[in-house]
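Structure first, then comments.
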Amino acid sequence: YQRRVREGSFEKMSFDTFDADRHAGFLAHMLQQLPKQYTSLDTNRLTVVYFAVSGLDLLGKLEMVPVDDVIEWIYGLQVVPLPDDANQTGGWRGSPFLGCPRMDEKGCLGAPLAEHNDTGHITMSYAAMATLLILGDDLSRVHRPGMIAHLKELQAQDGCFFSTSDRTEKDMRFLYCAAAVCTILNDFSAVDSDKMAEYVCNSQAFDGAFGQGPELESHGGSTYCALAAMSLLGRISEVPRRSCLLSWLLQRQAPTGNGYHGFQGRPYKPPDSCYSFWIGGSLEMLGAYNHCDVHKLVEFVGSCANKEHGGFSKLNTITHMPDILHSYMSIAGLAIATHSPGGPELSLLELETNLNISKRASQHMRSLPWHRS
């Protein structure tokens, strides 16, 4: 962002130049080496890879990814059930932190569950398959029976999904991931779609937006997950109280206090760059993105960019450094803005909003044999 405009005591940056190369460099670096502050994400490294790879794809810089190496690394994290164990399920681990072997005795990538503290995770399964699609893999090495069994064991009686077979945590995030995995596999046979839709509708709060579950506070992230899940189920038209929901979403564009207007995740919270995707994507799926102030939103996201190292921070203050999550979500949010009427002319690929991958990757998905049949 080259041209700066002084307004009072703060600076605004315009989008005359979108420095895709600098942002791509930031994301590519995250594929090679993570700062020590990311130690807490060691068990979730698949999500870091997904953010970096999908961001590079949207930037049109996928050539910066060591494609074959990443594909093999991902398959090495797959939970592959033992042939003689009918009760064991599949899915993906988030990283090799347990030290499980990457190959079985026959040299095939993936490993069965370890004896202790090992399980597939629905979010990691979504991140793994989404990343494989982005990289052009044909998913032929996905253990479909294990993945289907994994989905089946994770659904709760109320229609929601647990994150793992330990069944210790369930909310709207995992329901969305399950819907996305079923969409990628083009197989909803293991889940109760009606109960999924019922859970989503039961999680709508008094203000029209959605919480992580029934009677929980509305939130921009859970609202996206709810709407995206309904979209993937082909039932977004069944979302109740649409006008109330749209009002809540549009009211999330709020002033920052230093001259910008971005999306906030909840009322009375400061605008945050990642909600350019969570709220912007929700509006896009409802066909109402044109009702927000795209120019002001893009201006705010631009103010969160790090012009020296690339990437985007959570807030547009000097104390906040860019991170992988907010960098990816900012780029995804800008991709939605770019391909909306009156949006900025940025060099970003179009986003398949409900799957959160590029349209290019989703077209590849639909070219796979089980989607053509």
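The values are calculated or read from the model by the stated rules, or taken from the named source; none is laboratory data. Given the structure is predicted, the values throughout are model-derived calculations rather than measurements. Note that we place each Cβ from the backbone using ideal geometry, even for glycine, and neighbour counts take in every protein chain shown. The area values use the complete protein model at the heavy-atom level, side chains included, leaving out ligands, DNA and RNA. Shrake-Rupley method; radii C 1.70, N 1.55, O 1.52, S 1.80 Å.
How much length, in nm to one decimal, is gained on full extension between His309 and Ser340, taken as 0.36 nm per residue of separation minus their Cα-Cα distance?
Numbers: separation 31, 0.36 × 31 = 11.16 nm, distance 2.80 nm.
Here the answer is 8.4 nm.
Could you calculate, for the chain, the ratio of the Cα radius of gyration to the Kirkwood radius, expressed as Rg to Rh?
That ratio equals 0.97.
Quick one: how many Å² of Trp278 are accessible to a 1.4 Å probe, rounded to 10?
Ignoring ligands and nucleic acids, Trp278 comes out at about 50 Å².
Taking a 1.4 Å probe, which of Ser189, Ser54 shows the most accessible area, and what order do the others take after it?
Result of the area sort, largest leading: Ser189, Ser54.
Rank these by accessible area, largest first, 1.4 Å probe: Phe51, Phe210.
Order by accessible area, largest first: Phe51, Phe210.
Might you tell me the accessible area per residue for the chain, computed with a 1.4 Å probe and given in Å²?
Per-residue accessible area for the chain comes out at 43 Å².
Can you pull out the GluC sites (Glu not before Pro) in the range 160-252 that DSSP calls coil and that have at most 14 other Cβ atoms within 10 Å? Before the final figure, lay out each step's value.
Numbers: sites: Glu169, Glu198, Glu215, Glu217, Glu238; in loops: Glu169, Glu215, Glu217.
Passing sites in the range 160-252 are Glu169, Glu215, Glu217.
Roughly speaking, to the nearest percent, how much of the chain's 1.4 Å accessible area is carbon and sulfur?
Carbon and sulfur: 50 percent of the exposed surface of the chain.
Report ³J(HN,Hα) in whole Hz for each residue of the range 19-24, in order, from the Karplus equation J = 6.51 cos²θ - 1.76 cosθ + 1.60 where θ = phi - 60°; Gly and Pro get x.
Result, rounded to whole Hz: 7, 4, 4, 5, 5, 5.
Can you tell me the relative contact order of the chain? Whole percent, Cα pairs under 8 Å, sequence separation 6 or more.
16
Evaluate E = 1/(1 + (r/R0)^6) for Trp370 and Asp84, where r is the Cβ-Cβ distance and R0 equals 35 Å; express this FRET efficiency to the nearest 0.05.
Calculated value: 0.85.
Take Glu115 and Tyr38, extend 7 Å from each Cα along the Cα→Cβ direction, and tell me the distance between the two endpoints in nm.
3.3
Using alpha-carbon positions, what is the distance between the centroids of the range 345-361 and the range 246-325, in Å?
Using only Cα atoms to place each centre, the spacing works out to 18 Å.
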